[in-house]
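Heads up, the thing below is written out as structure tokens.
The values are calculated or read from the model by the stated rules, or taken from the named source; none is laboratory data. Everything numeric here is computed off the predicted structure, so don't read it as measured data. Neighbour counts run over all protein chains shown; Cβ positions are idealised from the backbone, glycine included. Quick note on the areas: whole protein, heavy atoms, side chains included, nothing else; ligands and nucleic acids left out. Shrake-Rupley method; radii C 1.70, N 1.55, O 1.52, S 1.80 Å.
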Amino acid sequence: MKRVYYTLFLTLFACIAISCQQNEKSFFSDKEYREQVKTDFQKRKSIITHTRAKALFSVFDRTDLSLEEREALEFLFAYMPLNDLSDYDGDFYLSQVRAAFEARNFFEWGAKIPEDIFRHFVLVYRINNENLDSARIVFFNELKDRVKNLSMEAAALEVNHWCHEKVNYRGTDGRTSAPLALVRTAWGRCGEESTFTTTALRAVGIPARQCYTPRWAHTDDNHAWVEVWIDGKWHFMGACEPEPVLDAAWFTAPAKRAMMVHTNVFGKYTGEEEKNIDKPMYSTINLLSNYTDVREANALVTDAAGKPVSGAKVAFKVYNYAEYYSIVESITDSAGKASIYTGVGDVLVWASKDGVFGYAVSSPKNASVTIILNKKEGDSFEDTYEIVPPVEQKVAGVPPELAAENGRRSRLEDSIRKAYMDTFIDEQRAKDFAASLSLSAEETWKYLNSSQGNWNEIKNFIEKHKDDKYLFPFLSSISSKDLRDTPEHILTSHLQGFHKIGVKAGTPDDIVTRNLLSPRISREIIRPWRVFFQNEFDDNSVVESVQANVGEIVNYVKENVKTDDEQNYYNCPVTPQGVYEMKIADKQSRNIFFVSLCRSAGIAARLNMATGRPQYYDGEWKNAEFDDDIKEIYPQAKIAFVSAKSNVLKPQYGAHYSLARFQNGDFVTLNLRGNASTISVDEGYYRLMIGSRANDGSVTINNKYFEIKENQTLNLEIKMPEVVSKVQVLGIIDMNTKITLTGGNETTLKDLSNGNGVVLCFADPDKEPTKHILQDLPAQSDELNKWGGGILFLVPDDKLSTAFDYTVFKNLPKNNVWGVDNKRSLLNETISTLKLSFEDNFPLTLFLTNNGGIIYYSTGYKIGIGEDIVKVIKTN
């Protein structure tokens with residue numbers, strides 16, 4: 001009888017549980033969409049290895065999981081990029097889901113957000129290619145009381161003020177730090193600021209997305225910012241650059257000259273925006289019409305006989321950093337056609353199929369182009385043409401009274417951030433610490449200073465390994481960003497793992513440091529893979545042979561790791577351990593995995609800087625042959641770059657010229673550092689590109705297509721194309737104008753001139769465009785030092801910030817000074833003289849002759865201002 005009662009009880013309990021679940025709220029109101037997600041989740045689940053499946057999906061065994069949470073998790077797992085499946089576990093994603101739901105339920109605006117907007121732009125934990133952390137939870141707890149009584153719009157603006165308290169702009173490398181790591185550092189590049197700000201907005205339940213112009217057309221570089229969804233409409237804001245209203249930022253004017261603005265959307269997205277890419281797991285949507293006028297660029301691809309070619313690859317490209325950069329890639333339809341919506345400027349359209357290629361320039365006046373596939377590898381020819389970007393447009397500024405109050409708040413936020421940064425170790429403390437350990441004071445300070453808010457971790461690492469002769473070589477082998485966001489225990493594990501294996505006799509010291517000792521391989525986050533693999537090796541028969549023969553590592557990787565470049569769509573590398581466990585990776589992550597295995601086994605390995613190929617050292621560098629088109633050793637040739645005597649500037653690789661090798665129907669730029677006069681290259685088919693940009697942003701480009709054979713040496717003259725430029729006096733400034741220098745001393749423009757003229761830059765030190773000119777000028781320091789005139793950075797008194805430290809910008813020209821423009825007196829005089837509609841579009845940079853004539857000026861964001869100034873000096 002007891003057994004019968006027990007059975008009845010279980011049956012009743014199960015029925016109640018099923019009934020409760022049926023009455024629970026579903027995450028999807030659209031039944032068709034829900035079924036699609038479930039189908040996609042099961043498909044994705046089927047590819048997961050046993051090790052990863054347990055880490056990811058055991059979360060579904062939890063008894064406290066609601067139906068809404070379960071379905072939200074299924075949505076995330078169905079569409080997340082491969083690296084997230086490989087490197088994090090189910091409990092982490094559940095914490096993200098619950099944090100998103102808590103924010104939605106806590107704030108009154110949560111009920112107003114449509115289901116699809118919440119799903120794609122609040123729930124999703126990843127913004128770009130950052131390392132993931134618990135920032136969403138931390139930020140919610142810090143922000144909730146600050147914004148809970150505000151309107152949705154006011155809350156979004158307030159979150160950005162909070163972000164500015166934590167982080168400000170400073171250029172850095174391309175790896176994206178996690179939001180909490182960025183807070184610890186207190187500064188980062190625009191891609192990191194926008195990742196951080198988008199995370200903060202989503203943390204309080206405000207839909208947000210990171211937007212990119214992949215490359216500018218009127219100047220070099222790119223930019224990222226944030227869009228927020230407020231009461232049914234998307235608006236933009238500068239990340240960590242608060243303004244008093246939405247849709248106002250320093251980049252408003254540059255964005256009107258953009259040829260593309262886009263964002264990636266996680267999951268199957270059914271929004272109304274134009275899609276540049278529409279894949280099963282994500283889409284890339286075209287947002288350009290939110291910022292400027294657009295036009296349609298149409299391409300018809302034909303063969304040599306004029307017959308339309310279907311299935312041809314078409315890339316729409318802009319000129320930037322001396323290369324053609326694809327802003328959208330497409331495939332021709334059955335009629336041989338492809339098109340995009342882009343800006344009202346020129347775009348190069350490149351098409352290829354089966355090894356043949358062709359190209360044409362689509363312009364506003366010639367929007368539809370026909371591209372004939374009549375060129376092939378080995379063809380030698382040259383051409384020259386001009387690419388014209390969209391014209392500059394005027395934009396309205398923020399009302400002065402709002403700008404003044406916003407400036408007051410910004411200075412307060414600067415002081416909050418500075419107070420935190422003042423807690424970082426200073427030079428004297430660092431040197432005292434070094435002395436206590438009998439270490440080099442200069443070396444110790446260099447690494448502690450670079451570590452910023454992570455200085456305690458690096459200090460502990462130095463103290464722990466003070467007697468290790470590889471201490472400073474090890475620290476020199478990682479990046480400054482690694483110093484800022486890597487914990488001591490991870491660095492320690494790598495150093496200990498290095499000592500466990502040792503160094504193969506005869507390996508050069510520089511190769512040992514960079515390609516064996518170092519835990520840094522590419523742009524992946526550093527994890528403790530070395531010790532992990534060595535522990536695996538102890539019990540793995542594969543590795544016994546691996547340690548004896550690097551060929552076994554190649555075979556192991558080829559046989560065990562399936563490559564898939566579609567699933568890892570955010571291009572965030574899978575960690576080496578993640579590749580090992582998942583057994584699926586994109587090619588870049590597979591290559592990083594190979595290098596990590598080699599280094600763990602004591603074999604020097606690297607990714608070739610110029611080509612990106614995985615290589616190992618065996619008396620010479622040899623390629624790992626994972627793909628059919630890769631050879632172990634390529635026949636080599638030499639190219640010598642020779643600067644033409646007629647050049648006004650010394651050409652810089654990656655700024656004025658580049659070399660690209662033909663590969664799979666297009667040319668891939670070689671990543672060469674510095675300006676070596678002679679380089680070794682693989683034999684093959686190449687394109688030399690040389691460009692000169694005019695002041696209006698247009699660029700004249702010379703292209704040379706050629707083939708080079710084994711043992712051949714080729715001299716390539718780098719002759720900058722001539723750009724028509726008329727120099728005239730645009731206005732006069734009184735050179736006897738008194739200037740108040742930082743510190744209180746006075747001088748005049750005439751005194752600063754030294755008889756040679758003055759570069760005058762009105763600067764807003766809190767904004768990114770001013771910091772770009774400070775990063776640009778060092779490249780021209782030699783020329784500006786020879787010139788001998790004055791360089792004056794003048795900050796309006798309403799833009800002064802105690803947090804700004806210009807000394808972090810190294811190698812500025814010797815003749816630079818800083819001053820204060822009280823009540824904007826000289827700025828207003830200059831604006832009046834030039835008849836500018838300025839609208840606080842800093843920086844305003846002028847070149848003044850010795851007599852005060854303005855013969856050059858530039859406003860706002862522009863890369864290459866230092867180069868422009870040198871051209872003006874040398875031609876006048």
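Points worth noting:
- Some residue of the stretch 813-824 being more than 17 Å from ILE733 (Cα to Cα) and of a type in the set (Phe, Trp, Tyr): yes
- Filter result for ASN876 (farther than 30 Å from ASN320 by Cβ, outside any helix (DSSP H, G or I) and either in contact with a Gly (Cβ under 9 Å, 6 or more places away or on another chain) or open to solvent by 20 Å² or more (accessible area, probe 1.4 Å) (or both)): no
- Picking from residues in the stretch 569-587 that are outside any helix (DSSP H, G or I) and hydroxyl-bearing (Ser, Thr, Tyr), the one that is nearest to ASP278 (Cα to Cα) is TYR569.
- Per this entry, GLU142 is not counted among residues that are open to solvent by 10 Å² or more (accessible area, probe 1.4 Å), on the phi < 0 side of the Ramachandran plot, at pLDDT 95 or above and in contact with a Lys or Arg (Cβ under 6 Å, 6 or more places away or on another chain).
- Residue in the stretch 90-106 that is over 28 Å from the mean Cα position of the chain (by Cα), at pLDDT 95 or above and farther than 24 Å from TYR269 by Cα present: yes
- Candidates ASP821, ASP805, ASP840, filtered to the one that is within 14 Å of ASP764 (Cα to Cα) and open to solvent by less than 30 Å² (accessible area, probe 1.4 Å): ASP821
- Taken as a whole, the condition of being under 35 Å from the mean Cα position of the chain (by Cα), within 30 Å of ALA315 (Cβ to Cβ) and either surrounded by 19 or more Cβ atoms within 10 Å (Cβ to Cβ) or not charged (D, E, K, R) (or both) does not apply to ASN715.
- Filter result for THR486 (open to solvent by less than 10 Å² (accessible area, probe 1.4 Å), β-branched (Val, Ile, Thr) and modelled with pLDDT of 95 or more): yes
- Within the stretch 475-505, the residues that satisfy the criterion of being of a type outside the set (Ser, Thr, Tyr), farther than 22 Å from GLY578 by Cβ, in contact (Cβ under 8 Å) with a residue 24 or more places away in the chain and not in a helix (DSSP H, G or I) are GLY502, VAL503, LYS504.
- Residue list for the stretch 417-433, restricted to those being under 14 Å from LYS166 (Cα atoms) and surrounded by 14 or more Cβ atoms within 10 Å (Cβ to Cβ): ARG417, LYS418, TYR420, MET421
Conditions tested, residue by residue: (1) within 30 Å of the chain's Cα centre (by Cα); (2) assigned to a helix (DSSP H, G or I); (3) among the aliphatic types (A, V, I, L, M).
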| residue | (1), (2), (3) |
| --- | --- |
| GLY755 | no, no, no |
| LYS771 | yes, yes, no |
| ASP776 | yes, yes, no |
| SER781 | yes, yes, no |
| ASP840 | yes, no, no |
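- Note on the stretch 153-209: residues that are assigned to a loop (DSSP other than H, G, I, E, B) and either at pLDDT 95 or above or among the basic types (Lys, Arg) (or both) amount to 12.
- From PHE706, PHE662, residue being open to solvent by less than 60 Å² (accessible area, probe 1.4 Å), farther than 29 Å from ARG590 by Cα and either in a loop (DSSP other than H, G, I, E, B) or touching a residue at least 40 places away in the same chain (Cβ under 8 Å) (or both): PHE706
- Filtering the stretch 258-283 to residues that are under 20 Å from the mean Cα position of the chain (by Cα) and either closer than 19 Å to ARG295 by Cβ or of a type outside the set (Phe, Trp, Tyr) (or both) leaves ALA258, MET259, MET260, VAL261, HIS262, THR263, ASN264, VAL265, ASN276, ILE277, SER283.
- Answer residue from the stretch 152-171, given it is in contact with a Phe, Trp or Tyr (Cβ under 8 Å, 6 or more places away or on another chain) and of a type outside the set (Phe, Trp, Tyr) and is surrounded by the fewest Cβ atoms within 10 Å (Cβ to Cβ) among those: ARG170
- PHE316, sole failed condition from (1) assigned to a strand (DSSP E or B); (2) in contact with a Ser or Thr (Cβ under 6 Å, 6 or more places away or on another chain); (3) open to solvent by less than 20 Å² (accessible area, probe 1.4 Å); (4) farther than 30 Å from SER151 by Cβ: (2)
- Selection status of ILE127, within 23 Å of ASN83 (Cα to Cα), open to solvent by 50 Å² or more (accessible area, probe 1.4 Å) and touching a residue at least 12 places away in the same chain (Cβ under 8 Å): no
- Residue check for THR742: polar (S, T, N, Q) and open to solvent by 40 Å² or more (accessible area, probe 1.4 Å): yes
- Of all residues in the stretch 788-797, at least one satisfies being assigned to a helix (DSSP H, G or I) and out of contact with any Ser or Thr (no Cβ under 9 Å at 6 or more places or on another chain).
- Total residues in the stretch 603-653, condition within 32 Å of the chain's Cα centre (by Cα), farther than 28 Å from SER677 by Cβ and surrounded by fewer than 20 Cβ atoms within 10 Å (Cβ to Cβ): 7
- Some residue of the stretch 434-457 being within 26 Å of the chain's Cα centre (by Cα), part of a loop (DSSP other than H, G, I, E, B), surrounded by fewer than 16 Cβ atoms within 10 Å (Cβ to Cβ) and modelled with pLDDT of 95 or more: no
- Inspection of the stretch 721-736 finds a residue satisfying the criterion of being open to solvent by 30 Å² or more (accessible area, probe 1.4 Å), among the hydroxyl-bearing types (Ser, Thr, Tyr) and out of contact with any strand residue (DSSP E or B) (no Cβ under 8 Å at 6 or more places or on another chain).
- All of (1) closer than 26 Å to GLU405 by Cα; (2) open to solvent by 30 Å² or more (accessible area, probe 1.4 Å) hold for GLU241 with one exception: (2).
- Those residues of the stretch 615-650 which are closer than 22 Å to LYS719 by Cβ and of a type in the set (A, V, I, L, M), in sequence order: ALA637, ILE639, ALA640, VAL642, ALA644, VAL648, LEU649
- Strands (runs of 3 or more DSSP E) enclosed by the stretch 328-409 - at least 1 residues per element that are under 18 Å from TRP216 (Cα atoms) and touching a residue at least 24 places away in the same chain (Cβ under 8 Å): 337-343, 347-353, 356-362, 381-387
- Some residue of the stretch 85-92 being aliphatic (A, V, I, L, M) and in contact (Cβ under 8 Å) with a residue 40 or more places away in the chain: yes
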